[in-house]
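Novice: Mind having a look at this structure? Questions to follow.
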Amino acid sequence: MTRVYAKQDWNKENTMGKKETENEQELLMPLIPLRGMTILPDTVIHFDLNREKSIKALEYAMMKGGKLFLVTQKDAGVDMPGEEHLYRVGTIAMVKQITKLSNQIVRVLVEGIGRGILKGINEENTKFIEAYVEDAAMQGKAHEINKVEEEAMLRQLQEYFSTFAKHYPKLDKNAVQRYSHMKDPGSLMDQIAMNLPISYEKRQSVLGAVSLRERYEILCEHLMNEIEIAKAREELALSIKDRVDKNQREYLLREQLHYIREELGEEGSFSDADQFEEAVELLWASEEVKEKIKKEIKRFKNLSGSSSESAVERAYIETLLELPWDKTSDDNENISRAKEILEKEHYGLEQVKERILEFLAVRCLTRKGDSPIICLVGPPGTGKTSIARSVAEALDKKYVRICLGGIRDEAEIRGHRKTYVGAMPGRIAAGLKQAGVKNPLMLLDEIDKVSNDYKGDTFSALLEVLDGEQNVRFRDHYVEIPLDLSEVLFIATANTTQTIPRPLLDRMEVIEVNSYTENEKFHIAKEHLIKKQMEKNGITKKMLTIQDGALKNIISFYTREAGVRELERKIGDICRKSAKEILERREAGEEPEKIKVTSANLDKYLGTRKYSLNKADKEPQVGIVRGLAWTSVGGDTLQIEVNMMPGKGDIELTGQMGDVMKESALIGMSYVRSIGDGNGIQPETFKENDFHIHIPEGAVPKDGPSAGITMATALFSAISGEKVRSDIAMTGEITLRGRVLPVGGLKEKLLAARMAGLKEVFVPLENKKDIEEISEEITQGLTITYVKEMREVLQNALLWKQSRTGNRGHNRSKGSGTIA
């Protein structure tokens with residue numbers, strides 16, 4: 001609370017008036033609040049005033065003898081302080097000099113006389129702040145110390161200050177000597193506090209200590225702290241001075257070396273080293289990497305510029321500086337945008353798109369997550385390489401393609417050791433260097449075409465690259481420093497997994513990219529290929545139209561492939577011929593009409609049809625059965641023919657059959673012989689006749705076990721004389737006991753059956769789960785019959801004669817040796 005006193009008048013000797021009540025030692029004095037500074041007794045100091053009340057207080061003090069009470073504000077930001085904003089203890093000072101400056105600023109020189117304790121503010125005076133002050137010397141008498149303590153304080157303070165002066169060069173040189181002759185500990189403490197480089201709050205703590213013992217303890221604490229700071233500053237200054245001296249020495253030596261190199265004609269290598277050193281400082285890399293590069297630069301400096309080793313070292317340093325050690329790019333986190341890009345660029349390939357979007361979703365949620373290592377397996381031309389480019393665009397990643405086809409040297413992956421002539425980093429390190437970031441999308445194209453020789457196993461070198469646990473510290477022989485490949489998104493492509501070693505395949509997430517259906521090819525051509533080829537050949541929509549019927553005929557009769565490369569070439573042929581036709585019309589002065597390519601005039605642009613659909617036979621026949629095959633360009637149907645003729649029981653196999661297919665034929669023959677007794681086939685039939693099994697298109701090699709049930713059915717038909725339905729096809733492996741085992745490539749096989757106009761396909765029962773994953777577009781119009789044993793195939797595939805119908809029913813009770 002603010003205390004209100006009656007205002008006292010100054011006495012005739014210009015001394016302050018004393019309060020008549022309570023404490024007679026309380027004086028009424030003009031008060032000036034100080035901002036950001038504290039003034040102690042026995043010191044002479046100047047300060048500036050610009051507040052109106054402070055200037056009026058100064059004027060009043062000069063009229064009454066020149067005494068002021070100076071108190072520090074607790075908060076320097078308060079412009080009109082009250083009693084609560086001021087410290088309790090201040091300094092009674094005498095004004096020595098007043099100087100008026102510009103902008104209504106008054107500079108005051110004062111001398112501190114003694115401590116004063118603020119007792120209250122006179123609220124009646126509104127012109128300036130007038131305070132009731134008690135002389136602190138009266139309170140100090142209550143805490144007087146004896147002579148021994150006083151002497152001990154003096155000596156300790158002088159010793160501390162002398163120590164401080166040794167480590168603080170900015171201090172007045174005469175201060176130590178002057179303070180050594182002082183006998184009043186109170187005055188010594190105040191003067192030391194004013195000379196210490198401490199904040200005004202700490203000076204206020206010294207000023208506020210009225211008793212000598214308390215003031216001594218506070219000042220000693222501040223003094224010891226400042227001694228430690230001064231020592232630390234001195235050590236830092238010496239360290240910096242040594243470094244500066246060292247730098248100056250190095251500068252002189254470098255200038256001398258610069259002159260020597262100029263005389264020797266080696267100036268270029270020295271400037272290269274300087275550039276390398278600057279590049280190291282700007283490099284985003286760990287300290288380990290930077291230390292290695294600096295070491296190599298140091299070695300490079302000591303080499304002669306004309307030596308071959310200097311060129312090798314320069315190339316090595318440049319490679320290290322160009323690698324993206326810790327530099328990354330920001331991935332796209334907008335899953336909708338990524339999905340839109342993937343859908344825009346590619347039709348189908350749902351599994352690949354789904355897996356990429358899953359990876360993006362996990363990365364967005366966790367802000368980390370291992371990059372997947374994906375292997376896209378499928379026939380040529382199905383968009384494996386182009387989907388990788390679209391994935392890079394969808395994720396905003398840098399795209400690097402590394403073609404592995406035909407690579408047989410391990411050094412292509414790991415690099416050559418730099419001791420060899422012409423050494424260079426491997427393709428992985430070179431790919432990172434090309435990308436410029438450590439988290440690109442790296443496409444390992446044609447990974448199944450990698451080969452080996454005496455120089456090492458290339459597949460084994462890829463094991464470390466494609467292992468998420470090991471590629472964090474992948475070592476390239478040339479680079480020598482471990483590279484972090486954990487943030488690289490690897491996508492490999494292959495036409496088959498048969499040539500990829502199992503350990504390498506196990507490290508990759510295999511996604512099948514199957515052959516396109518006719519409908520998919522139609523959509524891809526209409527939405528992407530026609531637009532691309534028209535733009536490539538300078539054709540606009542006003543110049544050319546390819547009708548849907550013509551497009552479907554191109555797919556059916558001019559191409560036979562799993563992908564769409566040949567289809568794109570045929571569309572390109574049409575565009576080029578159209579461009580020629582349009583130009584000829586222009587030169588002839590005719591008005592060019594819009595060219596319409598229809599199914600009727602298609603042969604004008606592409607010539608006669610190259611392929612015909614291998615349609616189903618019109619009539620059932622004996623010994624001829626339609627099988628289904630998988631090829632690298634899609635599915636196909638194969639007619640298996642069996643002839644029986646008089647002979648010695650030999651079996652002839654033709655049509656370029658592989659070993660596995662030949663074994664399937666022999667198994668089929670053994671099965672037919674085992675059930676011959678139960679189906680009216682005499683044992684002598686097999687001894688007195690030769691059997692010839694042939695698969696047409698003899699120039700095309702064929703292999704695999706999936707034609708087992710087809711050959712067994714053809715053999716049984718030829719031997720028994722029963723006709724085989726002409727609207728069926730079949731696929732499946734056969735065992736000696738007649739069990740039907742599962743096979744692969746069903747999507748392509750069913751597609752071939754549908755294109756051939758077949759109505760029913762026999763498929764192993766164990767393949768039912770695979771059929772369920774195939775789209776209805778492929779299975780539409782086909783009856784899928786699941787078979788578990790060979791007798792089910794024969795029951796449904798053969799057109800049994802009426803005379804045998806009863807026999808079939810009779811055989812049903814005779815056991816496993818019969819068909820039924």
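Novice: Counting only protein heavy atoms and using a 1.4 Å probe, what share of the accessible area of the chain belongs to carbon plus sulfur, as a whole percent?
Specialist: Numbers: 20490 of 42520 Å².
Here it works out to 48 percent.
Novice: Turning to a different aspect of this structure: So, counting K/R as plus one and D/E as minus one, what does the shell of residues with Cβ under 11 Å around Thr493 add up to? Write down the numbers at each step before the final one.
Specialist: Values: positive: Lys384, Arg401, Lys449; negative: Asp445, Glu446, Asp448.
That works out to 0.
Novice: Hand me the GluC sites (Glu not before Pro) from the range 89-155 located in a DSSP loop with no more than 15 other Cβ atoms within 10 Å, in residue order please.
Specialist: Numbers: sites: Glu111, Glu123, Glu124, Glu130, Glu134, Glu144, Glu149, Glu150, Glu151; in loops: Glu123, Glu124, Glu144.
Answer in residue order: Glu123, Glu124, Glu144.
Novice: Something else: Tell me, what is the 1.4 Å probe accessible area of Arg586, in Å² to the nearest 10?
Specialist: 140
Novice: Continuing with the same structure: What accessible area per residue comes out for the range 301-431, rounded to a whole number of Å², with a 1.4 Å probe? List each step's numbers first, then the result.
Specialist: Details: 6440 Å² over 131 residues.
Value returned for the range 301-431: 49 Å² of accessible area per residue.
Novice: Keeping all protein chains in place and using 1.4 angstrom, which order do His346, His523 fall into by accessible surface area, from largest down? Let's see the in-between values first.
Specialist: Working: His346 20, His523 55 Å².
Sorted by accessible area, descending: His523, His346.
Novice: Taking a ≥ b ≥ c as the square roots of the eigenvalues of the Cα gyration tensor of the range 499-654, is the shape rounded (a/c under 1.5), prolate (a/b larger than b/c) or oblate?
Specialist: oblate
Novice: Packing-wise, with mean Cβ within 10 Å as the measure, how do 289-299, 63-73, 645-655 rank, highest first? Walk me through the numbers on the way to the answer.
Specialist: Working: 289-299: 15.7, 63-73: 20.3, 645-655: 12.4.
Output ranking for 289-299, 63-73, 645-655: 63-73, 289-299, 645-655.
Novice: Right, another one. Give the ranking of His692, His222 by solvent-accessible surface, highest area first, calculated with a 1.4 Å probe.
Specialist: The residues order as His692, His222, largest area first.
Novice: Using only alpha carbon pairs under 8 Å that are at least six residues apart, calculate the relative contact order of the chain and give it in whole percent.
Specialist: Numbers: 1440 pairs, mean separation 56.0, N = 820.
Over the chain, the number comes to 7 percent.
Novice: Name the trypsin sites (Lys or Arg not before Pro) in the range 410-514 that are in a loop by DSSP and that have at most 16 other C-beta atoms within 10 Å, would you? Intermediate values should be presented prior to the final figure.
Specialist: On the way: sites: Arg414, Arg417, Lys418, Arg427, Lys433, Lys438, Lys449, Lys455, Arg473, Arg475, Arg507; in loops: Arg417, Lys418, Lys438, Lys455, Arg475, Arg507.
Those that pass, being in a loop and sparsely packed, are Arg417, Lys455, Arg475.
Novice: From the cross-link list Lys292/Lys398; Lys96/Lys147; Lys541/Lys604; Lys397/Lys577, which pairs have alpha carbons spaced over 30 Å apart?
Specialist: Numbers: Lys292/Lys398 27 Å; Lys96/Lys147 34 Å; Lys541/Lys604 20 Å; Lys397/Lys577 39 Å.
Flagged as over cut-off: Lys96/Lys147; Lys397/Lys577.
Novice: Report the net charge of residues surrounding Trp284, where surrounding means a beta-carbon distance below 13 angstrom and charges are Lys +1, Arg +1, Asp -1, Glu -1. If you can, show how the numbers build up before the last one.
Specialist: Working: positive: Lys290, Lys327, Lys438; negative: Glu281, Glu287, Glu322, Asp326, Asp484.
Residues near Trp284 contribute -2 overall.
Novice: At 222 nm, what helix-only mean residue ellipticity would the chain give, in deg cm²/dmol to the nearest 500, using -39500 (n - 2.57) for each DSSP H run of four or more? Walk me through the intermediate numbers first.
Specialist: Details: 30 runs with 348 residues, N = 820.
For the chain, the value works out to -13000 deg cm²/dmol.
Novice: Taking θ as phi - 60°, what are the ³J(HN,Hα) couplings along the range 386-400 by the Karplus curve (6.51, -1.76, 1.60), each to the nearest whole Hz, with x for Gly and Pro?
Specialist: Taking θ as phi minus 60°, the curve returns 6, 5, 5, 5, 5, 4, 4, 5, 5, 9, 6, 9, 5, 10, 10 Hz for the range 386-400.
Novice: Right, here's the next one. Considering only protein heavy atoms, with the full assembly of protein chains and a 1.4 angstrom probe, order Asp677, Asp172 by accessible area, largest first.
Specialist: Values: Asp677 120, Asp172 75 Å².
Correct descending sequence by accessible area is Asp677, Asp172.
Novice: Taking the Cα centre as origin and putting +1 on Lys and Arg beta-carbons and -1 on Asp and Glu beta-carbons, what dipole magnitude results for the range 30-167, to the nearest 20 debye? Working shown, then result.
Specialist: Numbers: 18 positive and 19 negative charges, 87 e Å.
Computed about the Cα centre, the dipole is about 420 debye.
Novice: Sort the range 455-549 into rounded, prolate or oblate with this rule: let a ≥ b ≥ c be the square roots of the eigenvalues of the Cα gyration tensor; rounded if a/c is under 1.5, and if a/c is not under 1.5, prolate when a/b is larger than b/c, oblate otherwise. Numbers along the way, then the final one.
Specialist: Working: a/c = 3.70, a/b = 2.33, b/c = 1.59.
Prolate shape, in that a/c is at least 1.5 and a/b is the bigger ratio.
Novice: Sticking with this one: Put +1 on the Cβ of every Lys and Arg and -1 on every Asp and Glu Cβ in the range 598-739; which of Leu736, Leu638, Pro683 then has its Cα farthest towards the positive end of the dipole?
Specialist: It is Leu638.
Novice: Per residue, how much accessible area does the range 668-725 show when a 1.4 Å probe rolls over the protein heavy atoms, in square angstrom?
Specialist: On the way: 2160 Å² over 58 residues.
The answer is 37 Å² per residue.
Novice: Counting heavy atoms of the protein chains only and a 1.4 Å probe, report the per residue accessible area for the range 84-191 as a whole number of Å².
Specialist: Working: 6020 Å² over 108 residues.
The answer is 56 Å² per residue.
Novice: Rounded, prolate or oblate: which one fits the chain, using the alpha carbon gyration tensor with axes a ≥ b ≥ c (rounded when a/c is under 1.5, else prolate when a/b beats b/c, else oblate)?
Specialist: Numbers: a/c = 3.36, a/b = 3.03, b/c = 1.11.
Prolate shape, in that a/c is at least 1.5 and a/b is the bigger ratio.
The values are calculated or read from the model by the stated rules, or taken from the named source; none is laboratory data. Nothing here was measured: the structure is a model prediction, and the numbers come from that model. Glycine also receives a Cβ, built like all others from the backbone with ideal geometry; neighbour counts cover every protein chain displayed. Side chains are part of the model used for accessible areas, which takes the heavy atoms of the whole protein and leaves out ligands, DNA and RNA. Shrake-Rupley method; radii C 1.70, N 1.55, O 1.52, S 1.80 Å.
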